[in-house]
1. So which residues in the range 37-60 are modelled with pLDDT under 90 and in contact with a helix residue (DSSP H, G or I) (Cβ under 7 Å, 6 or more places away or on another chain)?
2. I'm trying to understand the selection: among the residues of the range 66-85, which are farther than 19 Å from Q111 by Cα, touching a residue at least 24 places away in the same chain (Cβ under 8 Å) and surrounded by 10 or more Cβ atoms within 10 Å (Cβ to Cβ)?
3. Run down E63, E2, E88 and say which single residue is at pLDDT below 90 and either touching a Pro at 6+ places or on another chain (Cβ under 6 Å) or open to solvent by 60 Å² or more (accessible area, probe 1.4 Å) (or both).
4. Say we look at the range 93-126 and pick out the residues that are surrounded by 13 or more Cβ atoms within 10 Å (Cβ to Cβ) and touching a residue at least 60 places away in the same chain (Cβ under 8 Å); which of these is nearest to S81 (Cα to Cα)?
5. Please find, within the range 38-91, the residue that is nearest to T114 (Cα to Cα) out of those that are of a type in the set (D, E) and in a loop (DSSP other than H, G, I, E, B).
6. Please specify each residue of the range 26-67 satisfying the condition of being of a type in the set (A, V, I, L, M, F, W, C) and in contact with a Cys (Cβ under 8 Å, 6 or more places away or on another chain).
7. Checking the structure you have, find out if any residue of the range 17-30 is touching an Asp or Glu at 6+ places or on another chain (Cβ under 8 Å) and of a type in the set (V, I, T).
8. Being open to solvent by 80 Å² or more (accessible area, probe 1.4 Å) and either within 21 Å of P82 (Cα to Cα) or within 17 Å of the chain's Cα centre (by Cα) (or both) is the filter here, so list the residues in the range 16-56 that pass it.
Amino acid sequence: LEPLAAYLRIGQVLWQQRPGLSMAWNIGPTQDGYVSVADMIGLMAAQWPAIRHEVLDAPQPHEAGLLHLDCSLARHELAWSPVWSTAEMVQHTMAWYRAWHERGEVMTDAQLDTFVAAAHRGGQPWAA
């Protein structure tokens, strides 16, 4: 939902006659929200214990230790920031997939309401 919120903010800023901001934007977590793959799997498994994973000891192709986006332009020019922390995002994402997998329930409307309410409480300009 974070990229959709960013699109709303970008549209709002462009509507305010700031055409110089019509460019590419990086949207992602704040620096304290960066997590490794292993940490992400741990966050996911905490929300849905049935998730299983296996770490292979065999040699693997080289991977970067941490990949992240520089979202400072969006923070400064759009006054954008994530609505949910990484842990909250994983919690809600896993709740959606778990509800769908276990009960065939689609939680999209309820999660959108929760997200927008959190954005409003957090003072997000697009949610005012």
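The values are calculated or read from the model by the stated rules, or taken from the named source; none is laboratory data. Just so it is clear, the structure is predicted and the values come from calculations on it, not from any experiment. Cβ placement follows ideal geometry from the backbone for every residue including glycine, while neighbour counts extend to all protein chains displayed. Please note that ligands, DNA and RNA were not included when accessible areas were found on the heavy atoms of the full protein model with its side chains. Shrake-Rupley method; radii C 1.70, N 1.55, O 1.52, S 1.80 Å.
1. Correct list: I51, H53.
2. Looking only at the range 66-85, we keep the residues that are farther than 19 Å from Q111 by Cα, and these are 66-80.
From the residues that got through so far, the ones that are touching a residue at least 24 places away in the same chain (Cβ under 8 Å) too are 66, 68-71, 73-74, 77-80.
Those that are farther than 19 Å from Q111 by Cα, touching a residue at least 24 places away in the same chain (Cβ under 8 Å) and surrounded by 10 or more Cβ atoms within 10 Å (Cβ to Cβ): H68, L69, D70, C71, L73, A74, E77, L78, A79, W80.
3. Details: E2 fails: at pLDDT below 90; E88 fails: at pLDDT below 90.
Exactly one residue qualifies, and that residue is E63.
4. Among them, the one singled out is Q124.
5. Filtering the range 38-91 for residues of a type in the set (D, E) gives 39, 54, 57, 63, 70, 77, 88.
After this cut, where a residue has to be in a loop (DSSP other than H, G, I, E, B) as well, the list is 54, 57, 63, 70.
On the way: E54: 33, D57: 41, E63: 36, D70: 27 Å.
Residue satisfying both the conditions and the ranking: D70.
6. Our first condition is that a residue be of a type in the set (A, V, I, L, M, F, W, C); within the range 26-67, this holds for 27, 35, 37-38, 40-41, 43-46, 48, 50-51, 55-56, 58, 64, 66-67.
The answer is I27, and nothing else.
7. yes
8. S22, M23, A24, Q31, D32, V37, D39
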